Amino acid sequence: MESRSLQVLEFGKVLTHLAGLCVSEAGAEAALAVRPLTGIDAVHHAAALFDEARRWSGHTGFRLSSFPPLDGVFRALDAPATVLDLDALWALRQTLGLARKLAASIREGQSTGGRWELLVALVDGHPLPQRTVSGLDRCVSDDGLLRDESSPELSLVRGEIRRIHQQCTRKVKEYAQRYNIAHYLQDEFMTLSSDRYVLPLKSNFKGRLQGIIHDYSQTGETCYFEPMFLVELNNGLQELKREEREEERKVLRYLTDLVRDELAAVRGAYDLLVEGDVLCARCALSARLEESGDAGAVSVTGGGHVSLLGARHPLLALAAARGEKGGAPASRPAQAAPSAPRGKSAAGHGASHGPQAVDIELLPGQLGLVISGGNAGGKTVCLKTLGLIALMGLAGLPVPVRPGSSLPFWSDIFAFIGDEQSLEDNVSTFTAQIRHLSGVWDRLGPGALVILDEFGAGTDPAQGAALAQAVLDEVMDAGSTVVAATHFPALKAYALTRDKVRAASVLFDPVTKRPLFRLAYDQVGASQALDVAREHGLPEAVLRRAEQYLLLDGEDTSALVDRLNTLAVQREAEITSLRAEEARLRDKRAKLDERFERERRTLFDTVQGQAKTVLQEWKSGKVSHKQALKALAETRARLVSGATGNGDADGTPGSADASQPALQVESLRTGQAVRYVPWGKKGSVVEVDARRGRVRVDLSGVTMWAEAKDLAALDEKPRVAIGAVTRTISDATASMRVDLRGMRADVAVSELSRALDKALLAGMSAVEAIHGRGTGALRKEIHAFLKTFPAVRSFALAPEDQGGDGVTVIELK
């Protein structure tokens, strides 16, 4: 990626924000070194890793703490004779301990329901140096000192030193009491001078005691006096101190050798922390961008087109998140970031509001976008927004766009923005643009994005416009994507007449003539130079004379352009309103779906609980069979009454349409298609009991008696059931029929069990099981099952006129 374009698009400022969100110096340095990735697979991996890091951070709440830089430690270890000091080993202990916590958080979060395979793979790719971690934990304390248990010898020496200290303390106390010298001492305790125990003696008493004076205080009022009885003890102490230093050096050398033996793993753990720091900073950057709107990873595709929805300039979004405000008027907003060329405006950054979101889109097959319109309307910042978001997306950074945004993969981005003239190099604005374009011309191709801000404006307008059109043609012929801002009328007409190019215009308020920082597509806009000049204080006499010159030249098309701008503003307002209404309805639908699912689950749990209670009471003998059936029927009735009016034509349980008259049993005929409302099932009429006002219906192979009021007519042609006849039934028992013919024994038993459960819940007293004659094997299995079913009172083969030994009639309790 060209470094000049990174500078022009202010990619470094984004990295500065990212580095400020890191918790370590090493992480900040790594953040400043982030660059766009060179392969689409690497971009996808970075985006997926960022998504996992954000989910992991939200799931576990883990936050990295600061850790010291280790680059100096690694450089010191390059020398074979180097022994690390205690400060370096303490820094290693802190860093490796934090790496261990990070790895544990990722693995534990995975085990508690999180899904972040890439993070786990990252941790697995950097195994901890276990020996080094164990050694540092055992030898180095939290306050950065060597522990006594670092080695047996060190523990022994320090024990002797503590013994001598206690002995000296005891002797000094005894000496002071025996010779009554307390009034000679400046303080009531002994101290150390030149690593020897001494007494703080008042200077005017120094000649009264025998001993050695080692030093004086700054005021000269106190001398540090070593009595003769402490000399031998102090000499022994010095020997022990020497031994202590030697043992400490042995421990330091041992720990240094451990680090050197596992140096690759130590570096890997450090790299894991640094990468984790940058990942957490990316998550924090996304959260900061979301403070003023949508933000997240943009989808980068291999062969897609530009589609940035609700895009905001990242630096303006970050400035809005920090609450930066400027005192500039709304048409020329304050610009803490990004910087814009002289005369340009940072689109949409008002004094009291965040940056205005804008859609930057090309249709499939289009490679060029030409933006026109008035000065200070936001054309340049639209270009910068696209360029900077593309750089951030290719670097795996979150960007301020709405979900669903996508970009093609660009391996090169070339930005021609700003005034590049140089008096020292004798280069004009136009010459600088041409030199820069010529320098990168050979690198243009299908993987390049070219951003042109008023290209050709520094020369004759006719020749500049022709040159700009030719450049756009050649760039698109090479397969590159080009986005340009212009004031050339010829280039505006070019954008409207080319298939691969899309025209867009920045919009202005029709009344105030102030920019709205919105893009209207497939139209061009006027430059609004006189309006901008008037707003920024140019004398009115100059403006009137300019208008007269426009009329003389026949170039005043302001009325036409104003009308187009007004229509475009109205269209954008309507589109915005429709989008808001769509979002509102979508949210309302989601809430209704959630409410329906919640109430459905509640109702199901309630009915299921009541049915279980009734069945348990019946099995335990607390209620009789008839009482249980009555309770189940009451539960079913409450369920049906609660569902009244909720049914529809697709078979959802409910009641018949209130607009349709209730079905009369006399109007029903065999084979007629009906819907059984309580179950929401479609079926057909098998038999009609006109005297009792009920009908036997076939519901997908399950037959049962039903009341006529529970049936609804369907607009289907009647189907004549085979062997079905209309007759009057005199028996008062309600029953249902289930056809088990052609099924395997286990399947038939399962179907019969479900049918018996339905019959019990529906309050039926009998079930007819059709198993056919055949070899009798299926009949035997069914009878064996019925003997074990607790709700069966009795069963027997049906009379010959009702199916004989091909049908079993089951009586329920």
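Assuming R0 = 45 Å, can you tell me the calculated FRET efficiency for the pair Lys681 and Glu108, based on Cβ-Cβ distance, to the nearest 0.05? Working shown, then result.
Working: r = 49 Å, r/R0 = 1.10.
According to the calculation, E is roughly 0.35.
Highest first, please rank the peptides 218-230, 69-81 by the mean number of other Cβ atoms sitting within 10 Å of their residues. Before the final figure, lay out the partial values.
On the way: 218-230: 16.2, 69-81: 12.8.
In descending order of packing, they fall as 218-230, 69-81.
If I model a spin label as a point 7 Å beyond the Cα along the Cα-Cβ vector, how far apart are those points for Ser438 and Glu811 in nm?
11.0
Within 10 Å, count the other beta carbons around each residue, average over each peptide in 469-479, 244-254, 83-93, and list them highest first.
83-93, 469-479, 244-254
Grab the Cα-Cα distance for Arg163 and Lys780, subtract it from 0.36 nm times how many residues apart they are, and report the gain in nm with one decimal.
Working: separation 617, 0.36 × 617 = 222.12 nm, distance 9.56 nm.
Additional length available on full extension: 212.6 nm.
So if R0 is 56 Å, what FRET efficiency would Phe62 and Gln608 give, r being the distance between their Cβ atoms, rounded to the nearest 0.05?
Numbers: r = 41 Å, r/R0 = 0.73.
After rounding, the FRET efficiency stands at 0.85.
Given a 1.4 Å probe, how much area per residue of region 426-465 is accessible, in Å²?
Numbers: 1850 Å² over 40 residues.
On a per-residue basis, region 426-465 sits at 46 Å².
Could you tell me which of rounded, prolate or oblate describes region 86-240, using a ≥ b ≥ c as the square roots of the eigenvalues of the alpha-carbon gyration tensor, with rounded for a/c under 1.5 and, failing that, prolate when a/b is larger than b/c and oblate otherwise? Don't skip to the answer; put the middle values down first.
On the way: a/c = 4.32, a/b = 3.37, b/c = 1.28.
Prolate.
Net charge around Glu666, counting only other residues with Cβ within less than 13 Å of its Cβ (Lys, Arg = +1; Asp, Glu = -1)?
Numbers: positive: Arg669, Arg691, Arg692, Arg694; negative: Asp689.
Value of the local net charge: +3.
When the distances between all Cα atoms of region 357-404 are binned every 10 Å from zero, what whole-number percent does each bin get?
All Cα pairs, binned at 10 Å, distribute as 21, 50, 28, 2 percent.
Distance in nm between label sites at Glu617 and Phe189, each 7 Å beyond Cα in the beta-carbon direction?
8.0
What FRET efficiency would be calculated for the residue pair Gln627, Ala690, taking the C-beta separation as r and a Förster radius of 30 Å, to the nearest 0.05? Could the numbers behind the result be given before it?
Numbers: r = 32 Å, r/R0 = 1.06.
Between Gln627 and Ala690 the formula returns 0.40.
Relative to a virtual label point 7 Å from the Cα of Asp87 in the Cα→beta-carbon direction, which members of region 45-76 show backbone nitrogen distances below 16 Å?
From region 45-76, the list is 68-76.
Could you give the distance between the Cα centres of region 147-168 and region 12-62, to the whole Å?
49
Beta carbons within 10 angstrom, averaged per residue: use that to sort the peptides 13-23, 406-416, 482-492, highest first.
Details: 13-23: 19.5, 406-416: 21.5, 482-492: 23.0.
Top to bottom by mean Cβ count within 10 Å: 482-492, 406-416, 13-23.
Net charge within 13 Å of Gly109 by Cβ-Cβ distance, Lys/Arg positive one each and Asp/Glu negative one each, not counting Gly109 itself?
Numbers: positive: Arg54, Arg55, Lys101, Arg107, Arg115; negative: Glu52, Glu108, Glu117.
My count for the surroundings of Gly109 gives +2.
Mind listing which trypsin sites (Lys or Arg not before Pro) in region 255-294 are in a DSSP loop and have 11 or fewer other Cβ atoms within 10 Å? Mind showing how you got there, number by number?
On the way: sites: Arg260, Arg267, Arg282, Arg288; in loops: none.
Answer by residue number: there is no such site.
Express in whole angstrom the spacing between the alpha-carbon centres of region 218-242 and region 451-495.
After rounding, the separation between the Cα centres reads 89 Å.
When the chain is fully extended, how far beyond the present Cα-Cα distance does His305 get from Arg600, taking 0.36 nm per residue of separation?
Numbers: separation 295, 0.36 × 295 = 106.20 nm, distance 4.37 nm.
That pair, His305 and Arg600, stretches by 101.8 nm at full extension.
What is the spin-label model distance, in nm, from Glu153 to Arg100 if the labels are put 7 Å beyond Cα along the C-beta direction?
With each label point 7 Å from Cα toward Cβ, the separation is 2.7 nm.
Extension gain Arg138-Ile212, at 0.36 nm per residue separation less the Cα-Cα distance, in nm? Display every interim value, and only then the final one.
Details: separation 74, 0.36 × 74 = 26.64 nm, distance 4.13 nm.
Taking Arg138 through Ile212 to full extension adds about 22.5 nm, to one decimal.
If Lys and Arg each add +1 and Asp and Glu each add -1, what is the summed charge of the other residues whose beta carbon sits under 15 Å from the beta carbon of His214? Can you show the working numbers first?
On the way: positive: Arg196, Lys206; negative: Asp195, Asp215, Glu226.
After counting each charged neighbour, the total is -1.
The values are calculated or read from the model by the stated rules, or taken from the named source; none is laboratory data. Values in this document were obtained by computation on a predicted structure and should not be read as measured data. With ideal geometry, Cβ positions are generated from the backbone for all residues, glycine too; neighbour counts draw on all protein chains shown. Just the protein is used for accessible areas: all its heavy atoms, side chains included, with ligands, DNA and RNA removed. Shrake-Rupley method; radii C 1.70, N 1.55, O 1.52, S 1.80 Å.
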